[in-house]
Amino acid sequence: MATTIVLSDLNVTITESYTLNGVDYGNTMNKTYTDNGQVSQRVMSIASGGDGTVWTDILALLTVDGQGEVVKTDYKYFRITNLDTANNLNLRVYNGSDYVAIQVSPASTQLFMDAGIDSPALATTVTFADIEAIAGQSSHETEAIDVEFIMVTT
């Protein structure tokens, strides 16, 4: 199959800047992910948590591309931002048998880059090669929240 997609690099820059009592603190981190050919970016609504059993599927990492699905071996970068200003975003990261829970505060961002996630309850590290699904829920019992995410793969 011929394609017109030209692989390109994703450049991520994180800058921290803080001044306390006239002293500057912080740093800038640059990371480049090379040879990427796919990107998904979306703003979506995440259902209210209700009794804690309601979850909205955000992304599946499987063996083929499809609706809401990407090839997990092609994964490079995932950022999700909680656009709500009052309620937390509860994320559930699933590896096929276990979950890791992450809470994203209002107007805050969670990055999933190269490193794994340590789950103290299981005393194991879940690497991104292990992740099969990411789901979310609003921390509020009745109010949904909005999130924005970007996913880059090869």
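A few comments on the model shown:
- Residue-count net charge about G49 - beta-carbon cut-off 13 Å; Lys, Arg +1, Asp, Glu -1: -3
- Residues with amide H under 5 Å from that of D84, placed H, sequence gap 5 or more: A107, D146
- Relative contact order computed over the chain (Cα-Cα under 8 Å; 6+ residues apart), in percent: 32 percent
- With the simple model of a label 7 Å out from the Cα in the direction of the Cβ, T73 to S105 spans 4.0 nm.
- For the pair M113 and V23, label points projected 7 Å from Cα toward Cβ lie 2.5 nm apart.
- FRET efficiency, I14 to T53 (Cβ-Cβ, R0 30 Å, nearest 0.05): 0.30
- Among 38-44, 80-86, the order from most to least packed when residues are scored by Cβ within 10 Å on average: 80-86, 38-44
- Ordering of 67-77, 21-31 by burial proxy (mean other Cβ atoms within 10 Å per residue, highest first): 67-77, 21-31
- Virtual paramagnetic centre 7 Å along Cα→Cβ of I5, amide N under 13 Å, in the range 25-47: 35-41
Just so you know, all these numbers are worked out from the coordinates, no wet-lab data involved. Here the structure is a predicted model, which means the values were calculated and not measured. Note: ideal-geometry Cβ built from the backbone for every residue, glycine included; neighbour counts use all protein chains shown.
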